[in-house]
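Chemist: Here you go, one structure.
The values are calculated or read from the model by the stated rules, or taken from the named source; none is laboratory data. As the structure is a prediction and not an experimental result, all values here were calculated from the model. Cβ atoms come from the backbone with ideal geometry, glycine included; neighbour counts cover every protein chain shown.
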Amino acid sequence: MNIKKQLIDGSWVTSKSNATRDIINPFNQEVIAKVTESDEADAKTAIVAARKAFDQGDWATTPATVRGKIVHKIADLIERDKEELAELESLNTGKTVEESLGDMDDIAGVFRYFAEMADKDGGEIIESPIPNSTSRVIHEPVGVCGQITPWNYPLLQASWKLAPALAAGNTLVMKPSEITPLTSIKVFELMQEAGVPQGVINLVLGPGNSIGAELSNNDDVDLISFTGGIETGKKIMQAASSNVKNLALELGGKNPNIVFADAEFETAVDQAMNAVFFHAGQICSAGTRLIIEESIHDDFVEALVDRVNTIKLGSGFDESTQMGPLISKEHLNKVINYVENGKKEGATVAVGGGRPDQPGLQNGFFYLPTVLTNCSTDMRVVQDEGFGPVITVEKFTTEEEAIQLANDSIYGLSGGVFTNDIGKAERCVAKMRMGTVWINDVNLYFPHAPWGGYKQSGIGRELGKTGLEEYQETKHIFQNLKPEPVNWF
Ligand SMILES: NC(=O)c1ccc[n+]([C@@H]2O[C@H](COP(=O)([O-])OP(=O)(O)OC[C@H]3O[C@@H](n4cnc5c(N)ncnc54)[C@H](O)[C@@H]3O)[C@@H](O)[C@H]2O)c1
Ligand SMILES: C[N+](C)(C)CC=O
């Protein structure tokens, strides 16, 4: 098996230590690739390359129109290789190929969105309050960007960082999750093919506590953009203080989904399932907390359980599969313990609550889609991000109580409200402390709208115009049109 390499200063190279890592298919634990395993020394070399490309290269000063064309070309190449990329993503993550194909469309769309934005910013003229002067504001690239991504949406989360960073004229070093690097490797090849100059894009492969920490600490990095778990985010925030880096954090969520009795019943049941069982619940914005009006609680749970019983588990490559495995044995054990602890706290398993017993699934990291009832906000199972196909159910009787339950979390990433009363929906939305709120829908995102969290779900926003601004510094330029001595002293 060929060893896949890292990209440093325009060359694909093995790590200095020559260490390698096996990449595993979570459906059957087969080794699907071997990749080079970098350490701090490789990360340092990559940062030096990105620094040199920013300080001495001409990417930052290349006309934005030209940068935009190159970013468009990356989108073209992703569309050209869409099937290959989707299959690679499914092989590495276990998600269905249908979901991965959708991700690839989204990813190409993200590159196109930021390609279009690249040359649209003409700065701003300020009406100067000082006589005989001009005042204007321009945006410039931040510099060298460290970018660290998770395993659940490997290429999608990478695209949210790569596209705006390139459009704005930065150089970068990316570190994908060590367990899902394959589509990122492929897209770095495509970015080279599209004409991104040597040294502008660098890719290091390996663990977070060494190379991720180096990216967060290193004084030559100007911005660290991280998507992943809250505990890692806290470490990165601390490390970033070494040189007061710009910081963007996209962290976890424990996302409530409020269903009022007047909601369209079948739609709300259907969307409650979409909210939590896509990609086996391994989604930051998964609607893992179902908050149901008491008068419909029993009927809703009954309907939900009936539907959950029909979900087909299997290989992401089988067209009839609706839900794949979890990403790893370690993560499977985490989900098992999370549910077991929930049961000890008093939650009732309405359906699921264990591993499937089909013989064909025993080598994969599968967990049954699970509904836990009799839950309340004082339980860990309601407060902690389980990141699996598990939904907890709480009841409410008043609108105020529903909002209070929804907000009772350290997280604030996303939430949903299902009702046919638009006034009620808007009152809830106004009080829900989350970066995204869906009315009568779940889990929608697109390049034009910002994405990010309130509270401990993060800092900053990806996508939308804020997604580009994260990769820009703002400069105010004041010009004295009639310089003469002031004679103050
Ligand atoms: N808010 C969002 O948009 C969003 C999107 C996707 C995933 N997530 C979150 O990501 C988490 C799941 O992903 P995960 O398990 O890969 O998260 P994780 O925090 O374990 O790892 C994420 C990345 O950080 C690296 N890392 C680990 N320790 C590090 C350190 N000390 N310094 C620097 N980097 C380090 C990892 O190697 C990986 O590349 C969930 O909490 C999920 O909610 C959030
Ligand atoms: C941001 N999103 C929803 C694409 C993936 C979260 O894990």
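Chemist: Kindly evaluate LYS234 against the criterion of being more than 16 Å from ligand 2 (Cβ to nearest atom) and of a type in the set (Lys, Arg). Lay out the reasoning, then the answer.
Modeler: On the way: more than 16 Å from ligand 2 (Cβ to nearest atom): yes; of a type in the set (Lys, Arg): yes.
It is true that LYS234 is more than 16 Å from ligand 2 (Cβ to nearest atom) and of a type in the set (Lys, Arg).
Chemist: Being more than 16 Å from ligand 1 (Cβ to nearest atom), of a type in the set (D, E, K, R) and under 22 Å from the mean Cα position of the chain (by Cα) is the filter here, so list the residues in the stretch 130-171 that pass it.
Modeler: Within the stretch 130-171, no residue meets the criteria.
Chemist: Now, a different point. Cβ-Cβ under 8 Å, sequence separation 6+ or interchain: first residue in the stretch 91-111 and on the phi > 0 side of the Ramachandran plot, partner acidic (Asp, Glu) and part of a helix (DSSP H, G or I). Which pairs?
Modeler: Matching pairs, first to second residue: none at all.
Chemist: Any idea which residue in the stretch 436-465 is surrounded by the fewest Cβ atoms within 10 Å (Cβ to Cβ), counting only those that are within 12 Å of the chain's Cα centre (by Cα) and part of a strand (DSSP E or B)?
Modeler: Residue satisfying both the conditions and the ranking: TRP451.
Chemist: Checking the conditions here, which among VAL244, VAL259, VAL221, VAL301 is away from ligand 1 (no atom under 13 Å from the Cβ), in contact with a helix residue (DSSP H, G or I) (Cβ under 9 Å, 6 or more places away or on another chain) and β-branched (Val, Ile, Thr)?
Modeler: VAL259
Chemist: Which residue pairs have Cβ atoms closer than 6 Å, lie 6 or more positions apart in sequence or on different chains, and pair a first residue in the stretch 150-177 that is of a type in the set (Ser, Thr, Tyr) with a second residue that is part of a loop (DSSP other than H, G, I, E, B)?
Modeler: The qualifying pairs are THR171/VAL200; SER177/PRO150; SER177/TRP151.
Chemist: Identify all residues within the stretch 6-18 that are without any contact (Cβ under 8 Å) to a residue 60 or more places away in the chain and out of contact with any Lys or Arg (no Cβ under 8 Å at 6 or more places or on another chain); write none if there are none.
Modeler: Within the stretch 6-18, the subset without any contact (Cβ under 8 Å) to a residue 60 or more places away in the chain is 11-14, 16-18.
The answer is SER11, LYS16, SER17, ASN18.
Chemist: OK, next. Checking the condition without any contact (Cβ under 8 Å) to a residue 12 or more places away in the chain, in contact with a Ser or Thr (Cβ under 8 Å, 6 or more places away or on another chain) and away from ligand 1 (no atom under 16 Å from the Cβ), which residue from GLU87, GLU127 passes? Spell out how you get there, then give the answer.
Modeler: Working: GLU87 fails: without any contact (Cβ under 8 Å) to a residue 12 or more places away in the chain.
After applying the criteria, what remains is GLU127.
Chemist: Out of LYS455, LYS465, LYS431, I need the residue that is away from ligand 2 (no atom under 15 Å from the Cβ), basic (Lys, Arg), more than 22 Å from PHE111 (Cα to Cα) and in contact (Cβ under 8 Å) with a residue 40 or more places away in the chain. Which one? Steps first, please.
Modeler: Numbers: LYS465 fails: more than 22 Å from PHE111 (Cα to Cα); LYS431 fails: in contact (Cβ under 8 Å) with a residue 40 or more places away in the chain.
Only one candidate passes the filter, namely LYS455.
Chemist: Where in the stretch 190-289 are there helices (runs of 4 or more DSSP H), lying wholly inside it, with at least 1 residues that are under 15 Å from the mean Cα position of the chain (by Cα)? Give the derivation first.
Modeler: Details: elements: 213-217, 230-240, 265-277.
Ranges flagged: 230-240.
Chemist: Only one of ILE8, ILE47, ILE24 is β-branched (Val, Ile, Thr), over 26 Å from LEU166 (Cβ atoms) and surrounded by 17 or more Cβ atoms within 10 Å (Cβ to Cβ); which? So that I can check it myself, show each step before the final result.
Modeler: Details: ILE8 fails: over 26 Å from LEU166 (Cβ atoms); ILE47 fails: over 26 Å from LEU166 (Cβ atoms).
Just one listed residue meets the conditions, ILE24.
Chemist: Still on this model: On the given criteria, is GLU470 modelled with pLDDT of 95 or more, among the acidic types (Asp, Glu) and farther than 28 Å from ILE292 by Cα? Explain how you work it out, then say what you get.
Modeler: Values: modelled with pLDDT of 95 or more: yes; among the acidic types (Asp, Glu): yes; farther than 28 Å from ILE292 by Cα: yes.
The answer is yes for GLU470.
Chemist: Restrict the check to the stretch 302-320 and report whether at least one residue is more than 25 Å from ASN92 (Cα to Cα), touching a strand residue (DSSP E or B) at 6+ places or on another chain (Cβ under 8 Å) and not in a helix (DSSP H, G or I).
Modeler: yes
Chemist: Quick one: would you say THR134 is touching a residue at least 40 places away in the same chain (Cβ under 8 Å), in contact with a strand residue (DSSP E or B) (Cβ under 9 Å, 6 or more places away or on another chain) and at negative phi? Break it down stepwise before answering.
Modeler: Working: touching a residue at least 40 places away in the same chain (Cβ under 8 Å): yes; in contact with a strand residue (DSSP E or B) (Cβ under 9 Å, 6 or more places away or on another chain): yes; at negative phi: yes.
It is true that THR134 is touching a residue at least 40 places away in the same chain (Cβ under 8 Å), in contact with a strand residue (DSSP E or B) (Cβ under 9 Å, 6 or more places away or on another chain) and at negative phi.
Chemist: Going by the structure shown, is GLU293 buried (at least 22 other Cβ atoms within 10 Å of the Cβ), charged (D, E, K, R), touching a residue at least 40 places away in the same chain (Cβ under 8 Å) and more than 16 Å from ligand 2 (Cβ to nearest atom)? Spell out how you get there, then give the answer.
Modeler: Details: buried (at least 22 other Cβ atoms within 10 Å of the Cβ): yes; charged (D, E, K, R): yes; touching a residue at least 40 places away in the same chain (Cβ under 8 Å): yes; more than 16 Å from ligand 2 (Cβ to nearest atom): yes.
When the stated conditions are applied, GLU293 passes them.
Chemist: Okay, moving on. Hey, among the residues in the stretch 197-246 that are under 18 Å from TRP160 (Cβ atoms) and among the small types (Gly, Ala, Ser), which one's surrounded by the fewest Cβ atoms within 10 Å (Cβ to Cβ)?
Modeler: That would be GLY229.
Chemist: Something else about it: Of the residues GLY342, GLY324, GLY316, which single one is modelled with pLDDT of 95 or more, within 30 Å of ASP22 (Cβ to Cβ) and more than 16 Å from ligand 2 (Cβ to nearest atom)? Lay out the reasoning, then the answer.
Modeler: On the way: GLY342 fails: within 30 Å of ASP22 (Cβ to Cβ); GLY324 fails: more than 16 Å from ligand 2 (Cβ to nearest atom).
Going through GLY342, GLY324, GLY316 in turn, just one is modelled with pLDDT of 95 or more, within 30 Å of ASP22 (Cβ to Cβ) and more than 16 Å from ligand 2 (Cβ to nearest atom): GLY316.
Chemist: May I ask you to list the residues in the stretch 339-350 that are part of a helix (DSSP H, G or I) and surrounded by fewer than 18 Cβ atoms within 10 Å (Cβ to Cβ)? Lay out the reasoning, then the answer.
Modeler: Going through the stretch 339-350, the residues part of a helix (DSSP H, G or I) turn out to be 339-345.
If the condition is that a residue be part of a helix (DSSP H, G or I) and surrounded by fewer than 18 Cβ atoms within 10 Å (Cβ to Cβ), then GLU340, ASN341, LYS343, LYS344, GLU345 are the ones that fit.
Chemist: Determine which member of the set ALA108, ALA158, ALA115 is touching a Gly at 6+ places or on another chain (Cβ under 8 Å) and assigned to a helix (DSSP H, G or I).
Modeler: Numbers: ALA108 fails: touching a Gly at 6+ places or on another chain (Cβ under 8 Å); ALA158 fails: touching a Gly at 6+ places or on another chain (Cβ under 8 Å).
Criteria check complete, one pass: ALA115.
Chemist: Report, by residue number, each residue of the stretch 27-44 that is charged (D, E, K, R) and surrounded by fewer than 21 Cβ atoms within 10 Å (Cβ to Cβ).
Modeler: Step one: list which residues in the stretch 27-44 are charged (D, E, K, R), which gives 30, 34, 37, 39-40, 42, 44.
The answer is GLU30, LYS34, ASP39, GLU40, LYS44.
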